[in-house]
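The values are calculated or read from the model by the stated rules, or taken from the named source; none is laboratory data. This structure is a prediction, so every number in the text was calculated from the model and none was measured. Don't worry about glycine lacking a Cβ; one is built from the backbone with ideal geometry, like all the others, and counts go over all protein chains shown. Note: areas computed on protein heavy atoms with side chains; ligands, DNA, RNA excluded. Shrake-Rupley method; radii C 1.70, N 1.55, O 1.52, S 1.80 Å.
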Amino acid sequence: MSSLSRELVFLILQFLDEEKFKETVHKLEQESGFFFNMKYFEEQVQAGEWDEVERYLSGFTKVEDNRYSMKIFFEIRKQKYLEALDKHDRVKAVEILVKDLKVFASFNEDLFKEITQLLTLDNFRQNEQLSKYGDTKSARNIMLVELKKLIEANPLFRDKLAFPSFKASRLRTLINQSLNWQHQLCKNPRPNPDIKTLFTDHTCASSNGTRPPPPVNTPLAGPVPKPGAFPPLGAHSPFQPVVSPSPSAIAGWMSSANPSMSHTAVAPGPPGLVQAPGAAGFLKHPRANPGGPGMDFQMAESEHLMKRMRAGQSDEVSFSGSTHPPNMYSPDDLPKTVVRNLSQGSNVMSMDFHPQQQTVLLVGTNVGDISIWEVGSRERLAHKSFKVWDISACSMPFQSALVKDATISVNRCVWGPDGSILGVAFSKHIVQIYTYSPAGELRQHLEIDAHAGGVNDIAFSHPNKQLCIVTCGDDKTIKVWDAVSGRRQHMFEGHEAPVYSVCPHYKESIQFIFSTAIDGKIKAWLYDGMGSRVDYDAPGLWCTTMAYSADGTRLFSCGTSKEGESHLVEWNESEGAIKRTFSGFRKRSLGVVQFDTTRNRFLAAGDEFQIKFWEMDNTNMLTATDGDGGLPASPRLRFNKEGSLLAVTTSDNGIKVLANTDGQRMLRMLESRAFEGSRALSDVNVKPPIAGSLGPIPNISGSAPQIIERSDRTQQSMSIGNLAAMESSRVPDVKPRIAENMDKIKSWKFSDIADSSQLKTLKLPDPLSASKVLRLLYTNSGLSVLALGSNAIHKLWKWQRNERNPSGKSSAAVVPQLWQPTNGALMSNDVGDAKSAEDAAACIALSKNDSYVMSASGGKVSLFNMMTFKVMTTFMPPPPAATYLAFHPQDNNVIAVGMEDSTIQIYNVRVDEVKIKLKGHQKRITGLAFSQSLNVLVSSGADAQAS
């Protein structure tokens, strides 16, 4: 439901309440799920109307939605059960126990048994925990306090507990304004019109009693007789005549399109000078014309709208000046074949293909690194680890933030319009701008302390034919910077929540910026400091990004709500309303869904461990691919300029590159050149035997690829969020021959270790207190070693990148460093009372992206953040103690825990509960392993059995 439809429901609720339709009000509240009336809920609970209480709740949540919802329903049903026992109505109590409370037995069997045993007592107050139970009224009031806390903490009730603030009788007011507006359109408006019905549009009859023909050519800005206002419809004062809406006013976003626009992260310079702000009427707030009360300035466009409305044309009007015929889809058009696997080494947060060099990929990671890859040769052309270039020039809040926590992540990295410059937005305060040469050299250009908190997005634009940098951040602002000097030119304020993404664009000569915030608000800004021109709600009301089609004529957005509902939509720019909603997302996405557009034809989004594709003119999902498996729950993705390649993040800190037939042909040519050993720099211009260009064809050189540039092109982009992805799934797919050929070209074989001379020893430095190492493992990235000692303390050694070890991978030739966060925190396990840590069964497991470590030393199981060493949570206190741990390969929140009592418990961290308990071994669990491709868990025990 669109935001305007949602607001209409609130207007109807207000009207019903004012007209005293009490039952209907609460029925609409429950059916719409937009407003939870806490006062009504309290009244029903205090009255003991339990059926109505649960019916009303059902419009907002179900028992199984989350632990808060489960607790809410449990408390209500428990109270109903106790009241039946208090009345000695055993039959009713048994009925409640069987029908209402038994559902909770699967979550807490012991608690259900305890509740059942109350039936055996003459007075349930004999139970120690219920000994203070008073009378029914006081018990309900005490329960209400707990219920209110649970409801307020439940994310499903977020933004539903407060009724929006607007004036009384607002619906009546709008109707009255509409009648005034209709009256202005009358050819012979009467001074005191008589309103008799709302079912048809109003018109004043002509003097002879016949209805005059509707005028078709009356400019709104011309002289209009001032009509008399309609009498009030209800308890509110009369309103002055209201202006007729203009298609270019706030109700519509754009009026025409510029077909040369191709990248939402880069708004290229317009062909001419920017017009005066008055020309940008499509983003301006309505103003009154001195020539007539409430008239709009937009003469020609208003006249066009009046003609359209009087002629009875459809509201679905496109002002783009172009039509979009149905696209013909060919399976070869979509990049679905995996042709490259790149190992980045840390979790990829953002990617962007070069706007001209089709196989050059920019990558940013969760540890602040950026890399530039030549996809064709699999060569990393450049790599920069994060560092502050000039700490003295940075603000004190930023310096303090670094001292408290030195970890920093790339939120967004993007190429400039011609690929000679790139920008990186970080999770703390700053953006860094580099210049880039065709030889792959990166040079520092600008470092800007841009925002207080995280910088969530960065893009390039061209206001006044001047290249600028657009940023947004946690401080709720959008800022525009000169790309040469770094001087701030504009700052836009008006969002009430951190700004999540920006989308610069232009229509004709009018430059503007769309922005989205994490409260779901969409705003648009001109470069004039006059404030936001539009204010709309994005579907899902949370993290949303916006992107235009390659020709700049169609606007799309993709977002995910806090509850995990994802929305991919196309906007009707002429009305600021949703034109179509694309289907195919899972009911609850496991992360913020990312998307991209290509070729004016296709949309792609990462969801459910897959890449899903849509045609722009068809709301049904076209096809999907899992990229041969290994994708996270919501993979990040990026098309190159021509749409022949698609880069996708993987759950093992890597990138997969998928190609269509054009991309395969291009990469096959590069692969064959590399295979032939051709390293000479030469100019190559290959024209594939198909319509349309494949873009530049790079040559492979020994150190850096020489890329043949074609005509200037601009990028095609979207805004990437900065929430961490989850893990992988697998669906069977066919791997084409090109991948097999590549495997033959690059076949790897591990050398055998034949004698001791091939072995090297290395002592790990440890200035801390010495302890026996009980468990030792490599991180998945191969950059670190993690140990768990007999004192229940973890130690992490990292290999640094330097001249002796440029890859930063573990090596016996270089001594690693014992690493700790700046706060000096230690990862220390809880130790059980029964045994010392050394005697206890120590166990440890790493998530696939090395972000979390799960560990136990005889006490509770602890979950640590590997970046900060902070304890995220502890669970499962002994006995029995945990003896082996394993993360689920597809979801870091699902953990298998082998126990000392021979059971295996499948635990969900997100909801803090054991989902399944597996039994079959006779002695403690000694090993657990999830299959990467099959839905199978293998276990071993001290009873010498494997299951």
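Quick rundown of the values:
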| read-out | value |
| --- | --- |
| Listed peptides 610-620, 115-125 by packing density, highest first (mean Cβ within 10 Å) | 610-620, 115-125 |
| Per-peptide average of other Cβ atoms within 10 Å, ordering 25-31, 350-356 highest first | 350-356, 25-31 |
| Net dipole in debye of segment 1-65 [+1 Lys, Arg Cβ; -1 Asp, Glu Cβ; about Cα centre; nearest 20] | 180 debye |
| Charge dipole (debye, nearest 20) of segment 799-947; +1 at Cβ of Lys and Arg, -1 at Cβ of Asp and Glu | 340 debye |
| Difference of contour (0.36 nm per residue) and Cα-Cα distance, Arg488 to Val403 | 27.9 nm |
| Label point distance in nm, Glu49-Lys102, each placed 7 Å from Cα along Cα→Cβ | 2.9 nm |
| Charge sum, other residues only, whose C-beta stays under 13 Å from Ala813's C-beta, Lys/Arg counted +1 and Asp/Glu -1 | +2 |
| Theoretical gain in end-to-end length, Ser933 to Phe15 [0.36 nm per residue, Cα-Cα removed] | 324.9 nm |
| Equivalent ellipsoid dimensions for segment 384-496 as semi-axes, Å, which come from the Cα gyration tensor, largest first | 21, 19, 12 |
| Stretchable slack from Asn865 to Leu759, in nm (0.36 nm times residue separation minus alpha-carbon distance) | 34.8 nm |
| Exceeding the 32 Å Cα-Cα cut-off - candidates Lys92/Lys132; Lys479/Lys656; Lys404/Lys656; Lys132/Lys160 | Lys479/Lys656; Lys404/Lys656; Lys132/Lys160 |
| As computed over segment 433-475, the Cα convex hull volume per residue (Å³) | 95 Å³ |
| Segment 562-665 - Rg and Dmax from Cα coordinates, angstrom | 14.0, 44 |
| Rotationally averaged projected area of segment 41-126 (alpha carbon convex hull; nm²) | 5.7 nm² |
| Neighbourhood net charge (15 Å Cβ-Cβ; Lys/Arg +1, Asp/Glu -1) for Ile904 | +2 |
| Share of carbon and sulfur in the accessible heavy-atom surface of segment 833-947 [1.4 Å probe, %] | 50 percent |
| Spin-label model distance (nm) - Leu768 vs Glu23, 7 Å beyond Cα toward Cβ | 6.7 nm |
| Mean Cβ count within 10 Å, highest first, over the residues of peptides 540-549, 405-414 | 540-549, 405-414 |
| Environment charge of Gly941, counting only residues whose C-beta is closer than 12 Å and scoring Lys/Arg +1, Asp/Glu -1 | 0 |
| Rounded percent of accessible protein surface that carbon and sulfur make up, segment 1-84, 1.4 Å probe | 50 percent |
| Only Lys, Arg (+1) and Asp, Glu (-1) charged, at Cβ; segment 869-918 dipole about Cα centre in debye | 120 debye |
| Segment 839-924 - convex hull of the alpha-carbon atoms, volume per residue in Å³ | 88 Å³ |
| Positive-pole candidate from Tyr40, His26, Tyr68, dipole of segment 1-136, charges at beta carbon | Tyr68 |
